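The values are calculated or read from the model by the stated rules, or taken from the named source; none is laboratory data. Since this is a predicted model, take the numbers as computed values, not measurements. Glycine gets a Cβ as well: all are built from the backbone with ideal geometry, and neighbour counts include every protein chain shown.
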Amino acid sequence: MSVRCEGVEAERPATGDSIAVDGVCLTATDIAGEVVAFDVIPETLGCSTLGDRQPGDVVNVEYSLRAGDRIGGHYVYGHVDAAAPVIAREVEGQGERIRIATPAVLKRSIVHKGFVAVDGISLTVAKTGDGWFEIALIPETLSRTTLAQRARVNLEADPLVRYARA
């Protein structure tokens, strides 16, 4: 998989560095200008939406945190637990509320006011129900990510909840 990545010049990634694509931690195998190549194996395709991507699709790209960098959100590892469908969308004020099916593997790990990474974006769980959860998106998140267009998303559970409930 090859991705045109903004910020390559500023971030200066090297071959072997981890870069998250739609929340999936991948290893850069080649870098040519703004194009970064990655090997994507069947394990990754089986638990994520990367196999759904087509040439020209826009993806969320996140460079790895460097030691000493400011942490402005939640810890997200890029270890996607499962992909799930978006089952409802509703305009809410200036933003949007999105309901996502909860995969069985995440039933105990997605909790009200905990966080979940959705396509790599760390978000607070606004509401939970039987087989679903909701996230509330502000306009900034809708404009800077792909969440407004996705029908299926990658999910990574809050690691603190995951290990506390293990």
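Tabulated values for the structure
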{"quantity": "Evaluation of Val111 against (1) surrounded by 14 or more Cβ atoms within 10 Å (Cβ to Cβ); (2) of a type in the set (A, V, I, L, M, F, W, C); (3) closer than 24 Å to Val21 by Cα (one fails), failing number", "calculated": "(3)"}
{"quantity": "Residues satisfying the stated conditions in segment 57-90, i.e. in contact with a strand residue (DSSP E or B) (Cβ under 8 Å, 6 or more places away or on another chain) and more than 23 Å from Tyr163 (Cβ to Cβ)", "calculated": "Val59, Asn60, Val61, Tyr63, Pro85, Val86, Ile87, Ala88, Arg89, Glu90"}
{"quantity": "Which numbered condition Thr128 misses (of (1) buried (at least 17 other Cβ atoms within 10 Å of the Cβ); (2) closer than 18 Å to Arg165 by Cα)", "calculated": "(1)"}
{"quantity": "Top-ranked residue in segment 30-45 [being exposed (fewer than 12 other Cβ atoms within 10 Å of the Cβ) and without any contact (Cβ under 8 Å) to a residue 12 or more places away in the chain; ranked as farthest from Pro85 (Cα to Cα)]", "calculated": "Ala32"}
{"quantity": "Single condition Val91 does not satisfy, out of (1) surrounded by 13 or more Cβ atoms within 10 Å (Cβ to Cβ); (2) more than 15 Å from the chain's Cα centre (by Cα); (3) of a type outside the set (D, E, K, R)", "calculated": "(1)"}
{"quantity": "Boolean, Arg53 is in the same structural domain as Ile138 (by TED's automatic domain parsing) and surrounded by 11 or more Cβ atoms within 10 Å (Cβ to Cβ)", "calculated": "no"}
{"quantity": "Flag if Val40 is more than 18 Å from the chain's Cα centre (by Cα) and at negative phi", "calculated": "no"}
{"quantity": "Any chance Ala117 is buried (at least 16 other Cβ atoms within 10 Å of the Cβ), of a type outside the set (Asp, Glu) and over 22 Å from Gly46 (Cβ atoms)", "calculated": "no"}
{"quantity": "Selection count, segment 8-41, where residues are within 20 Å of Ile121 (Cβ to Cβ) and either in the same structural domain as Ala117 (by TED's automatic domain parsing) or charged (D, E, K, R) (or both)", "calculated": "2"}
{"quantity": "Some residue of segment 15-24 being hydroxyl-bearing (Ser, Thr, Tyr) and part of a helix (DSSP H, G or I)", "calculated": "no"}
{"quantity": "Residue under evaluation Gln94, criteria (1) at pLDDT 95 or above; (2) touching a helix residue (DSSP H, G or I) at 6+ places or on another chain (Cβ under 7 Å); (3) within 21 Å of Arg53 (Cβ to Cβ), criterion not met", "calculated": "(3)"}
{"quantity": "Pairs with Cβ under 6 Å, 6+ apart, first in segment 1-12 and of a type outside the set (A, V, I, L, M, F, W, C), second surrounded by 12 or more Cβ atoms within 10 Å (Cβ to Cβ)", "calculated": "Ser2/Val35; Ser2/Ala37; Arg4/Glu34; Arg4/Val35; Glu11/Tyr63"}
{"quantity": "Complete set of residues in segment 43-64 that are within 17 Å of the chain's Cα centre (by Cα), assigned to a loop (DSSP other than H, G, I, E, B) and not aliphatic (A, V, I, L, M)", "calculated": "Ser48, Thr49, Arg53, Asp57, Asn60, Ser64"}
